[in-house]
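Inspection log for the structure reproduced underneath, given as structure tokens.
Each value in this text was obtained by applying a stated rule to the coordinates, not by laboratory testing. Note that the structure is predicted; figures quoted are calculated from it, not measured. So basically every Cβ, Gly included, is an ideal-geometry build from the backbone, and we count neighbours across all protein chains shown.
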Amino acid sequence: MTDANDHSSQPIDDISCAPLFPALAQVMQPQAADWLATANDLIASAENAEQAQHHLLNAIGAAKRKAGHEAVIELDIFGTWHSDEIARLSLLTTLKQAVAIAQWPSILFDIFRQGDESEKMLIARTLHWLGENCDVKAIALDAARSNSIDVFSAIALNNPYPGRAYDDDTFNRMVLKALFMDLSIVQICQLEQRVTPTLSQLAIDLVNERLVAGREAPYSIWLAMRFDDLNENDRKTFIDHVNNHGKANNLYTIQSLKQHPVESSELLKTLMAEIIVAFNNITHHDYDLLAQLTCDLEQLIADIKKH
């Protein structure tokens, strides 16, 4: 399997799907390659958009059977791509080029609605590319409303599209739904940049609800809030999770503080004391966690010195 993760510092919006297609060509059997080429030719040479969409629907449903489901390439945040997924993206890309750009959003939405779960996941996952130069936000909204955890995850996690297309209210609802589904919001693109006082309050409210019910909050929930956005009581809850409630809470509360530095020097010193307790409680067998916390401690110490 090819690894295309050689540009990790590249901005998310600049990540191209271009490496996918040659990677697929390298692993496809001749019969499968002939099938994909013929299917793309039929779509490209169709007399009108309706005929092109008809050819697409015939081909996209056969992709797994014809192209298989072999792991082909790792592509940055998008993870592992399989042969059937790349084949489907190839077909959709050809269709986009074959129809008028004004027609494309409604055509793609129609394909999304008709698709099975795997096809919906593929479209949701690739809106970053399929939605270039047009508005396909309606598909992203529909995917985020899905009761399927797989379809929802395809739009919500490791996907740059919501971060650039959703307004604050829609983005916040997506984050909360991910938390309710016990998904790790570490994988939500641009979360750090999209945290607002409203999202901070929604997140800490969920923490408090879980605590009242005798349940732990999702570990990654701390990444959806800024400490400075919280009231005094909620700050106490946050601080309590810095060195209590398990190592995962320790890590994510400290990551949150690193991402959103605290303005008050006195609060920073209080938090630092709690962090040092958490640091000392971690066994030296947890090498990865120790390394992460060491890095975060260095950042927080630098913040204190600034004050």
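Could you give the nm distance between label points at residue 213 and residue 240, where each point is 7 Å from its Cα heading toward the beta carbon?
Each label point is offset 7 Å from its Cα along the Cβ direction, giving 1.7 nm.
Could you work out how much longer the chain between residue 21 and residue 187 gets when fully extended? Use 0.36 nm per residue separation minus the Cα distance between them, nm to one decimal.
Working it through step by step, the gained length comes to 57.3 nm.
With a Förster radius of 35 Å, plug the Cβ-Cβ distance of residue 38 and residue 138 into 1/(1 + (r/R0)^6) and report the FRET value to the nearest 0.05.
It comes to 0.65.
Given Cα pairs under 8 Å that are at least 6 residues apart, what percent is the relative contact order of the stretch 113-168?
Relative contact order comes out at 37 percent.
For the residue pair residue 51 and residue 65, what label-to-label distance in nm results when each label sits 7 Å from Cα along the Cα-to-beta-carbon direction?
Using points 7 Å along Cα→Cβ, the separation is 2.5 nm.
Using modelled backbone amide H atoms (1.01 Å from N, in-plane), which distant-in-sequence or interchain residues come within less than 5 Å of residue 72's amide H?
Result for residue 72 returns 81, 82, 83.
Among 104, 35, what is the fewest-to-most ranking by other Cβ atoms within 10 Å?
35, 104
Starting at the first residue of the stretch 121-133, write each ³J(HN,Hα) from the Karplus equation 6.51 cos²θ - 1.76 cosθ + 1.60 with θ = phi - 60°, in whole Hz, x for Gly and Pro.
My calculation for the stretch 121-133 gives 4, 5, 5, 4, 5, 10, 4, 4, 9, 5, x, 5, 6 Hz in order.
Working out 0.36 nm times the residue gap between residue 147 and residue 100, then minus their Cα-Cα distance, what length gain in nm do you get to one decimal?
Gain in length upon complete extension: 13.7 nm.
For the pair residue 231 and residue 114, what calculated FRET efficiency results from E = 1/(1 + (r/R0)^6), where r is the Cβ-Cβ distance and R0 = 45 Å, to the nearest 0.05?
Working from the Cβ atoms, E equals 0.40.
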